[in-house]
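Undergrad: A single structure is presented below for examination.
Derivation of every value follows stated rules applied to the coordinates shown; laboratory data play no part. Computed from a predicted model, the values in this text were never measured in an experiment. Ideal geometry is used to build each Cβ from the backbone, glycine not excepted, and the neighbour counts take in all protein chains shown.
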Amino acid sequence: MLISRRVLLAAALSLGALQAQAAVAPQALVAPITDYKLYVLDNLEQFTEHTRAFTEAVKAGDLARAQALYAPSRVYYERIEPIAELFADLDASIDAREDDYEHGVQDPTFTGFHRLEYGLFHERSTDGMDVYAERLMSDVNDLEQRVQGLTFPPEAVVGGAAALMEEVAATKVSGEEDRYSHTDLWDFQGNLDGSKKIFELVKPLVEQDDPAFVARIESNFAALDDTLANYHLSQGDASKGFQTYDKVSERDRRALVGPVTVLAEELSTLRGMLGLD
Amino acid sequence: MSKHDTSSQGCPFAGLDRRRFLQGLGAAGAGIAAAGLSGGALASQPARAAEVADAPTSATTGQAYPWHGAHQQGITTPRPAVGMLVAFDVLARDRAGLEQLLRILSERIDFLTRGGSYEQRDPRYPPVDSGILGPTIDPDGLTITLSVGASLFDERFGLAEVKPRHLERMTAFPNDALDAARCHGDISLQFCANSEGTTIHALRDIIKNTPGLLMVRWKQEGSVPVMAPRPDGQTESARNFLGFRDGTANPPADDRTLMQQLVWVGRNNAEPAWAHNGSYQAVRLIRNFVERWDRTPLQEQEAIFGRRRDSGSPMHGGVEHDLPQYAGDPDGSVTPLDSHIRLANPRTHGSERNLILRRPFNYSNGVEANGQLDMGLLFIAYQADLQAGFITVQQRLDGEPLEEYIKPVGGGYFFTLPGVQAGDFLGGGMLAAADAIREA
């Protein structure tokens, strides 16, 4: 099924979207962008499934289950955020934080994961949360539909590698993303994996010209994985999740900031290296 | 509306021939009209009237201080209008990373304080520079002074053996309410320049060039009020946010012998040889309760400081730089014994070795939850001996009446590295000294 999807996508991707004065031939980007769209659609599929289980737990009033499913559901979204953010309205209703609203958590337009996080982890209750659960589910369905019909702009895909590291630098390192659940490291790993995926897909296009660049990126990705591994709930298995962010030592917080900043800086040149406008 | 008004909309000189009026006023008047720092440019370039959003002009953007020398700049260099102290955590993990950082900092400071043009890059890449001063930058009197905190000498970089003798982590004095988020740091950078754009540009340049090596821990910006030059050529100390002159009792920075004794670490200080020509930097963020101060009778304010507010003179009158006479005032009936200046500098035999070189700026940060202004003093002082200098002076001040109006909330102790010669980098001597001990 994946193969047929890939063929279809490759055919559908118009070269017009790649008309950049490229340092690499525009055709060279077709395969990576196609692969990336598959990656995004796979993650969206999983995201929808997990969100369904999560929102059903909320609606069923099963607090413990809802709490347990919160972080694992978000990971898929965090991986594909550069694409999700192309739909600003949905990004806001799915993933906005209370800081985005003047009246904070009391703001009637504040919805999505972080509104539910406040209820589940701060108020420790599912009371009144079903309306937010319903809305989240319908927003996520909407997102999946919209992404399926989307032609991926190469500059958004390639720029996404750096954008994900900017996300980490801005809100994950400080522990303010998931301030009630303290599940920031799940999101951190999600952003990191999403960034790595993009880089891996375009790596063959830059490897020959600048092997040192590739080495710097890979060693910093590895440094982040190593530090995050200190906080796996199940040693060596990120998929089982992470300890809460308040457990992260001051030393490790600093050990995370360095590579994140280097990656944000280095990956910000990726579009230029590929000649994307 | 008359024809004339139309051509001078929004101008305070509406109805006049604007150009002739400004020429008549001379440079000072033009400066006011252009909201400039020094003016002059407007009158000589009559082609286009000044617009609202025109950049204010300054005649001192070309001012530059030499980068090479025995000492770093920014200590005995005259204090300009704008200052900023930024404390960083070093993210480099080993000695090699630290050396890389020190070399990059040296190279950036050299460039930024000299000025010049940035490399123009393919526009598909992020630009090399923030661009906030345009493609070519002027030095604008910029100095950047690098100092190191006690934490840099922990196990990470192998420097424990070469730590300056008095360098320690700042501990709270009785009146302090230290905010952990605004204290200490592995290194500090003091930026001083004629305008804020220059210090901010320099900070952003340094952050851009040190990813993975440095992380900002806290920062405090400040300024001092700019004054018109006096007709008699005399200078006066700038005022703090309590309205009093600050730094009157500073030892004269052009007295090299005195600076050698009081500010620069030398042979007499029993410090590691690499530290010679360095200095201890004491930084304190001292909040001022200005609303309450402004509701305090003037005579009480003056008794608290021990000076006349408006002139800055001693309590017995005269002018700012007249020396306070304590010999005939043993009971403090003229200058109270617990006044700020008398406690800080009692002018007794031996107290001259406690003199420090103050280089403070006023800061204004915003509003507290109670609606009161969050402002105060970014206190920076240099001395050859931190213990004999700031720490002793502050201990004498503990419990002073001024404490009712001030609250130290942050800061730290740092050691300002010696200057650099051509081909060297800041901290090179420190690393070499540590290497030599390791190899021995």
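Undergrad: Hydropathy at least 0.0 by Kyte-Doolittle, axial extent at least 24 angstrom from the Cα trace: which helices of chain A, defined as entire DSSP H runs, fit? Walk me through the numbers before you get to the answer.
TA: Numbers: long enough: A:30-59 (42 Å, -0.25); A:63-79 (25 Å, -0.46); A:130-148 (27 Å, -0.80); A:184-206 (32 Å, -0.13); A:211-229 (27 Å, 0.49); A:250-267 (26 Å, -0.14).
Qualifying helices: A:211-229.
Undergrad: Going highest first, how would you order B:217-226, B:286-295, A:49-58 by mean Cβ packing within 10 Å?
TA: A:49-58, B:217-226, B:286-295
Undergrad: Here is a further query. Run the numbers on the stretch B:308-440 and let me know its relative contact order in percent, using alpha-carbon pairs under 8 Å that are six or more apart.
TA: Rounded, it is 16 percent for the stretch B:308-440.
Undergrad: Determine the distance separating the Cα centre of the stretch B:52-127 from the Cα centre of the stretch B:414-440; give it in Å without decimals.
TA: Taking the Cα centre of the stretch B:414-440 as reference, the centre of the stretch B:52-127 is 20 Å away.
Undergrad: Once the other residues with Cβ under 9 Å from the Cβ of residue A:277 are scored (Lys, Arg +1; Asp, Glu -1), what is the net sum?
TA: Details: positive: A:271, B:124; negative: A:155.
Surrounding charge for residue A:277 is +1.
Undergrad: Another question, if that's okay. Return the single residue from B:70, B:53, B:177 with maximal mean-square fluctuation; model: Gaussian network over chain B, springs between Cα atoms under 10 Å.
TA: Of B:70, B:53, B:177, the most mobile in the Gaussian network model is B:53.
Undergrad: Once label points are set 7 Å from the Cα along Cα→Cβ at both residue B:260 and residue B:372, what is their separation, rounded to one decimal in nm?
TA: If labels sit at residue B:260 and residue B:372, their model points lie 4.7 nm apart.
Undergrad: Residues in the stretch A:154-185 near a label at residue A:229, defined as backbone nitrogen under 19 Å from the 7 Å Cα→Cβ point?
TA: A:185
Undergrad: Cβ under 13 Å from residue A:131's Cβ, residue A:131 left aside: what net charge do those residues give with Lys, Arg +1 and Asp, Glu -1?
TA: -1
Undergrad: Separate question: Taking a temperature of 4 °C and a viscosity of 1.567 mPa s, what whole-number D in µm²/s does Stokes-Einstein yield for chain A with Rh from Kirkwood over alpha carbon pairs?
TA: Answer, rounded: 67 µm²/s.
Undergrad: Could you grab the relative contact order for chain B? Cα pairs under 8 Å, six or more apart, rounded to a whole percent.
TA: That works out to 21 percent.
Undergrad: Kindly identify chain B as rounded, prolate or oblate by the Cα gyration tensor criterion: order the square roots of the eigenvalues as a ≥ b ≥ c, call it rounded if a/c is under 1.5, otherwise compare a/b with b/c, prolate if a/b is larger, else oblate. Provide the component values of the computation, followed by the final result.
TA: Working: a/c = 1.89, a/b = 1.13, b/c = 1.68.
Taking the square roots of the gyration eigenvalues as a ≥ b ≥ c, chain B is oblate.
Undergrad: What FRET efficiency do you get for residue B:421 and residue B:114 if R0 is 22 Å and r is their Cβ-Cβ distance, rounded to the nearest 0.05? Let's see the in-between values first.
TA: Working: r = 16 Å, r/R0 = 0.72.
About 0.90, to the nearest 0.05.
Undergrad: Rounded, prolate or oblate: which one fits the protein assembly as shown, using the alpha carbon gyration tensor with axes a ≥ b ≥ c (rounded when a/c is under 1.5, else prolate when a/b beats b/c, else oblate)?
TA: prolate
Undergrad: Take the Cα of residue A:146, step 7 Å along the line toward its Cβ, and report every residue of the stretch A:63-89 whose backbone nitrogen sits under 16 Å from that point.
TA: What the label zone holds, given the 16 Å backbone N cut-off, is A:77-78, A:80-89.
Undergrad: Right, another one. Pick from B:120, B:63, B:281 the residue whose mean-square fluctuation is largest in a GNM of chain B, springs joining Cα atoms under 10 Å.
TA: Of the options given, B:120 has the highest mean-square fluctuation.
Undergrad: Still on this structure, please answer the following. Is the stretch A:117-256 best put as rounded, prolate or oblate by its Cα gyration tensor, with a ≥ b ≥ c the root eigenvalues, rounded for a/c under 1.5, and otherwise prolate when a/b is larger than b/c, oblate when not?
TA: oblate
Undergrad: Using R₀ = 30 Å, calculate the FRET efficiency as 1/(1 + (r/R₀)^6) where r is the Cβ-Cβ separation of residue A:125 and residue A:38; round to 0.05.
TA: For residue A:125 and residue A:38, the calculated efficiency is 0.15.
Undergrad: Could you calculate the FRET efficiency of residue B:228 with residue B:51 from 1/(1 + (r/R0)^6), where r is the beta carbon distance between them and R0 is 30 Å, rounded to 0.05?
TA: Working: r = 25 Å, r/R0 = 0.84.
After rounding to 0.05, the efficiency reads 0.75.
Undergrad: Nothing charged except the Cβ atoms of Lys and Arg (+1) and of Asp and Glu (-1): what's the magnitude of the dipole of the stretch B:135-225 about its Cα centre? Round to the nearest 20 debye.
TA: Charge dipole of the stretch B:135-225: 160 debye, to the nearest 20.
Undergrad: Another question, if that's okay. All other residues with a Cβ under 12 Å from the Cβ of residue B:103 taken together, and with Lys, Arg as +1 and Asp, Glu as -1, what is their net charge?
TA: Overall, the nearby charge balance is -3.
Undergrad: Full extension from residue B:136 to residue B:179: what is 0.36 nm times the residue separation minus their Cα-Cα distance, to one decimal in nm?
TA: The residue B:136-residue B:179 span can extend by a further 11.6 nm.
Undergrad: Let me know the charge dipole size of the stretch A:20-121 about its Cα centre in debye, to the nearest 20, where only the beta-carbon of Lys, Arg (+1) and Asp, Glu (-1) is charged.
TA: Using only the charged Cβ atoms, the result is roughly 320 debye.
Undergrad: Oh, and also: Which helices pass in chain B if a helix is a full DSSP H run, must span at least 27 angstrom along its long axis by Cα, and must have mean Kyte-Doolittle hydropathy not below -0.5?
TA: Span-like helices in chain B: B:95-114.
Undergrad: Further question on the same structure: Take chain B, connect every pair of alpha-carbon atoms lying under 10 Å apart with a spring to form a Gaussian network, then pick out the residue of B:55, B:344, B:249 with the largest mean-square fluctuation.
TA: Highest fluctuation among the options: B:55.
Undergrad: Hey, which of these cross-link pairs are over 23 Å Cα-Cα: A:37/B:208; A:172/A:197; A:172/B:208?
TA: In this structure, A:37/B:208 lie more than 23 Å apart at Cα.
Undergrad: In whole percent, what relative contact order does chain A give with Cα contacts below 8 Å and a gap of six or more residues? Before the final figure, lay out the partial values.
TA: Details: 351 pairs, mean separation 63.6, N = 277.
Dividing the mean separation by the residue count of chain A yields 23 percent.
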